[in-house]
Amino acid sequence: MIRHRLLFVLTLLLLLIPLPWPVAAEQYNYIDISNPFLRKTPMAVPMFKAAAHDPTAMAAAKAASELLVYYLDFTGYFTFSDPAAFLEDPQKMDITGSGIRYRNWTAIGAELLVTGGVVIRDGDAEFELRLFDTVKEKMMVGKRYRGSSDDLRQVARRFCSEVVFAITGSRGFFDSKIAFISNGSGHKEIYLCEFDGSNISRFTRHNSISLFPDWSSDGRWIAYTTYADKGPKIRIQHVREKRASWINKPGLQAAPSWVPGRFELAASLSFSGDQEIYLLTGNGKIIKRLTSSVGIDVEPTWSPDGKRMAFVSKRSGNPQIYIYDTFTGRVQRLTFEGRYNTQPNWSPKGDRIAYSALRNGVIDIFTINPDGGEPIQLTENQGSNEAPAWSPDGSLIAFSSTRGGKSRIYVMTAYGTDQRRLLTLPGEQTNPKWSPNILNP
Amino acid sequence: MKRKWIILAMLLVIPAMLFTVSCAKKAVVSEPATTDTTAADEAARQAELEKQKEIERQKQLEEERLAAERAEQLKAEAIERDLMMAENRFLSENVYFDFDTATLDYQAQELLKQKAMWLQSNPDANTVIEGHCDERGTNAYNLALGERRAESAKAFLVNLGIDGSRLTTISYGEEKPVDMGQNEEAWAKNRRAGFVKE
C-alpha cells in the first residue's frame with residue numbers, strides 16, 4: 001500500500017504530462033462569477049473507455065466515471081446530460097482531441113465533455129482523462145494518471161480539481177476534510193470526514209465536552225476547546241501523531257482560529273479578568289493581545305492574507321461582528337442589522353464573511369462583504385441554521401441546521417443554492433469546520 | 001400394730017419437738033435485745049431510706065442530665081439541620097439573568113447578599129460559580145456570556161467582603177441546561193449562575 005502510494009506520488013510528479021492546451025486565463029469565463037450556481041453549466045460524462053475483454057478495466061472505467069460525476073456534481077457548478085440521450089457510443093467514440101465530434105455533444109445541450117480511457121497494466125490502472133469545451137471545440141484539460149485501484153478516488157479528485165481549476169481558476173476542495181462535533185457517543189466529541197461526508201472517523205475520546213475545532217492551514221493540527229481538563233481549555237492536537245499542547249493560562253479559553261499560512265492562532269482568553277483575543281504560537285504561547293475592550297470579545301476569524309481579523313464583540317451592547325486591522329490596530333464594526341450577529345467565518349477567497357444572525361428566535365446564515373454593505377441571506381424558513389464554514393476555495397459553505405428536527409451538518413453553495421445534508425450519524429452534529437486542501441497528509 | 005402406733009407417734013412428736021426447739025431458740029435470742037434492736041433497726045431503715053433517697057436523687061440527676069443532653073443534642077441537630085438547610089439553600093438557589101445579559105437585577109442581588117452571609121459564616125467553604133446560558137443564540141458567544149455571568153456574581157460577592165480566592169468561576173455556556181424545554185419558562189431557568197462546593 002505504501003509502495004503504491006509512493007509510486008502514485010511519483011506518478012503524479014513524473015507521469016502528469018499535460019497533453020496540449022495548457023490552461024490560460026482567458027478560459028475562466030465559463031462560469032458567471034457573480035453567481036456561478038445560478039446557471040449551471042451542462043456537462044456530458046460518457047462512461048470511460050476500456051478494453052471489452054478486460055473486466056477489471058471495465059469495472060475501473062465505470063467506477064471512475066461515476067465517481068467523477070459524483071464529485072463534479074458536489075461542486076454545484078454543473079448539470080449532467082442523461083446518457084440515454086447520447087448520440088455517441090461511449091465505448092466506440094474517439095476520446096482524444098482529434099476525433100471528438102463536438103456537434104454530437106452540443107446537439108444534446110452539453111457545453112462541456114469529459115472523456116476517459118482506462119488500461120490495466122501490471123496490476124496498476126492507467127487513466128487518460130480529458131475535458132473539452134464543445135462550444136469552442138477545444139480541449140481544456142488533458143491528464144494521464146497511474147495508480148493502484150485503491151487510488152481511484154485520488155485519481156478522480158485530482159482530475160476534478162483540474163476541471164474546476166480550468167473552469168473557475170480555483171483548485172476546489174477535493175483534498176479537504178471537515179471536522180465537526182457529534183454527541184452520538186453520549187459526549188460531545190470531534191469527528192472528521194472527507195469533504196463529501198464520507199469516511200467518518202472519531203478524532204477525540206475525552207468523554208467530556210469538546211467544541212469549536214479549527215484546522216491549521218497545513219491541515220496537520222486541530223485546535224479546539226474542551227472540558228477534558230476541567231476546562232473550557234484549548235487543546236492544540238496533531239491530526240495524525242500523538243502530539244498536543246495546551247495554553248497554560250487560567251480562565252476561559254474559547255473558539256481558536258488559525259492564522260492562514262502561519263503556525264499561529266488567535267483565541268479568546270480571560271486570564272486577565274476580562275475576555276480578550278490574543279495571538280498565540282502554534283504551541284500555545286502568547287505572542288500579544290489583539291483586542292482591548294471590556295466585555296465579551298470572542299470568535300476570531302482571519303482574512304486569507306492574515307492582515308485582518310473579524311470577531312464578535314458585545315462592546316455596543318449586543319453581539320456584533322467587528323474587524324480588527326493588524327497594521328493600524330483599528331477596530332471597525334461590520335454588522336448593523338439586528339441585535340445578535342455571531343459566528344463569523346472569513347471566506348478563503350477573501351470576498352465575503354459568512355455569519356449567523358438570530359432574529360425572531362430563529363438563527364439564519366448570511367454573508368457580507370468585509371468592507372461593509374448589504375448582507376445576503378442564505379437560509380430561510382428551514383429551522384435554525386448555524387456555524388457557517390467555508391470550503392477552502394470559498395465556493396461552498398458547511399453549516400448545521402435543525403430543519404429535520406435534530407441538528408445535522410448540511411452543505412450549500414456560497415449563494416445559498418443546492419442545500420443538502422452532508423452525513424448521517426446518531427446523535428446531533430454541530431460546529432462544522434472545513435480544512436484547507438491537504439495534499440501531503 | 002404396735003409398730004404402727006410408734007411410727008405415728010414419732011411422726012407427731014418429732015415435728016413437735018422441732019417446732020418447740022426453734023421457738024425456744026428464737027425466744028432466747030430475741031428476748032433480751034428487744035429494746036436495742038428496734039433502735040438499730042430504725043437506724044438501718046433510716047440509712048436504707050437515705051440510701052434509697054440518694055439513689056432516687058442520683059437517678060433524677062442522671063435523668064435531668066440526660067434530658068439536658070438530649071435537649072442539647074436536639075438543639076445541635078436543629079442547628080446542624082439549619083446549617084445543612086442553609087448550605088443546601090446556598091448550593092441550590094441559582095442567580096438568574098435576562099437574555100443576553102450578565103447584569104444582576106434586584107432579586108439576584110438580594111440572593112447574592114444571602115449567599116455572602118453564608119460564605120461569611122462558613123469561612124472554610126470554597127465555591128465554584130458556574131455560569132450558564134439558554135440554548136438560544138450560538139455556543140461560542142454563550143460560552144463567553146456564561147463566564148460573564150459567573151464573573152459578575154463573583155464580583156458582587158467580593159464587593160460584599162468575600163475573599164476572591166475562595167471563589168472560582170467556570171462557564172458551561174449552553175452545554176448544561178437544567179430544563180430541556182423550548183419555551184421562555186425553560187430558558188429562564190437555564191440562564192443562571194449556580195454554586196458548587198469546591
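Below, the figures for the structure above:
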quantity	calculated
Length gained when the stretch A:Asp89-A:Lys242 is fully extended (0.36 nm per residue, less Cα-Cα span)	49.8 nm
Residue among A:Ile222, A:Ile321, A:Ile120 with the largest mean-square fluctuation in a Gaussian network model of chain A, springs linking Cα atoms under 10 Å	A:Ile120
D_trans [Stokes-Einstein, Kirkwood Rh over alpha-carbon pairs] for region A:177-434, 37 °C, 0.692 mPa s, µm² s⁻¹	181 µm²/s
Cβ-derived FRET efficiency at R0 41 Å, A:Thr417 paired with B:Lys197, nearest 0.05	0.15
Contour excess over end-to-end distance, with Cα ends at A:Arg171 and A:Glu374 and 0.36 nm allotted per residue	70.2 nm
Top positive-direction residue, dipole computed over region A:177-434 with Cβ charges, set A:Ala228, A:Ile353, A:Ile368	A:Ala228
Accessible surface, per residue, of the protein assembly as shown when the full set of protein chains is kept, probe 1.4 Å, Å²	50 Å²
Overall form of region A:42-153 per C-alpha gyration tensor (a/c, 1.5; a/b vs b/c)	prolate
Inter-chain Cβ neighbour average for residues A:290-300, partner chain, 10 Å	2
Accessible surface of region A:177-434, 1.4 Å probe, proportion on carbon and sulfur as whole %	44 percent
Entries of A:Lys177/A:Lys314; A:Lys285/A:Lys307; B:Lys176/B:Lys197; A:Lys230/A:Lys285; A:Lys230/A:Lys288; A:Lys242/A:Lys288 with Cα pairs more than 23 Å apart	A:Lys177/A:Lys314; A:Lys230/A:Lys288; A:Lys242/A:Lys288
Radius 10 Å from Cβ of A:Phe327, net charge of other residues (Lys, Arg +1; Asp, Glu -1)	+2
Environment charge at B:Ala68 (Cβ cut-off 11 Å; Lys +1, Arg +1, Asp -1, Glu -1)	-2
Region B:93-197, accessible surface, carbon-and-sulfur percent (1.4 angstrom probe)	49 percent
Charge dipole (the protein assembly as shown, unit charges on Cβ, about Cα centre) - positive-most of A:Val312, B:Ala125, A:Val119	A:Val119
Chain A, helix-only ellipticity at 222 nm - DSSP H runs n ≥ 4, -39,500 (n - 2.57), divided by all residues, nearest 500	-3500 deg cm²/dmol
Normalised contact order of region A:215-321, rounded percent, pairs of Cα under 8 Å and 6 or more residues apart	18 percent
Under 10 Å, Cβ to Cβ, from A:Phe165 - net charge with Lys/Arg +1 and Asp/Glu -1	-1
Accessible area buried between chains B and A, both sides summed, probe 1.4 Å, in Å² to nearest 100	2000 Å²
Selection from B:Gly164, B:Phe195, B:Thr101 lying farthest towards where the dipole of region B:93-197 points positive, charges on Cβ	B:Gly164
Estimated dipole of region A:177-434 in Debye, rounded to 20 [Cβ of Lys and Arg +1, of Asp and Glu -1, Cα centre]	760 debye
Simple Cβ-charge dipole of the protein assembly as shown, Lys/Arg +1 and Asp/Glu -1, about Cα centre, in debye nearest 20	1420 debye
5 angstrom amide H check on A:Arg220, placed H, neighbours 5+ away	none
Those residues of region B:86-135 for which accessible area with every protein chain present is at least 50 Å² below the isolated value (1.4 Å probe)	B:Asp100
For region A:181-218 versus region A:369-413, the gap between their alpha-carbon centres in whole angstrom	19 Å
Translational diffusion of region A:326-441, µm² s⁻¹ [Kirkwood Rh, Cα pairs; Stokes-Einstein; 25 °C; 0.890 mPa s]	166 µm²/s
Separation in nanometres of the label points that stand 7 Å from Cα toward Cβ, at B:Asp98 and A:Asp351	4.3 nm
FRET efficiency for B:Asp179 and B:Lys75, using Cβ-Cβ distance with R0 set to 56 Å, rounded to 0.05	0.90
Computed E for A:Lys288/B:Ala68 - FRET, C-beta separation, R0 60 angstrom, nearest 0.05	0.30
Relative contact order of region B:99-198, defined on C-alpha pairs under 8 angstrom at six or more residues apart (%)	38 percent
Ratio of Rg to Rh over region B:93-197 (Cα coordinates, Kirkwood Rh, two decimals)	0.97
Protein-protein interface of region A:237-253, residues with accessible area decrease of at least 30 Å², isolated chain reference, 1.4 Å probe	A:Leu252
Per-bin percent of Cα-Cα distances, chain A [20 Å]	24, 52, 22, 2
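The values are calculated or read from the model by the stated rules, or taken from the named source; none is laboratory data. Predicted, not measured: the structure shown is a model, and the values here were computed from it. Quick reminder, even Gly has a Cβ in these numbers, built from the backbone with ideal geometry, and neighbours come from all protein chains shown. Accessible surface is based on the protein model in full, side chains and every heavy atom, while ligands, DNA and RNA are left aside. Shrake-Rupley method; radii C 1.70, N 1.55, O 1.52, S 1.80 Å.
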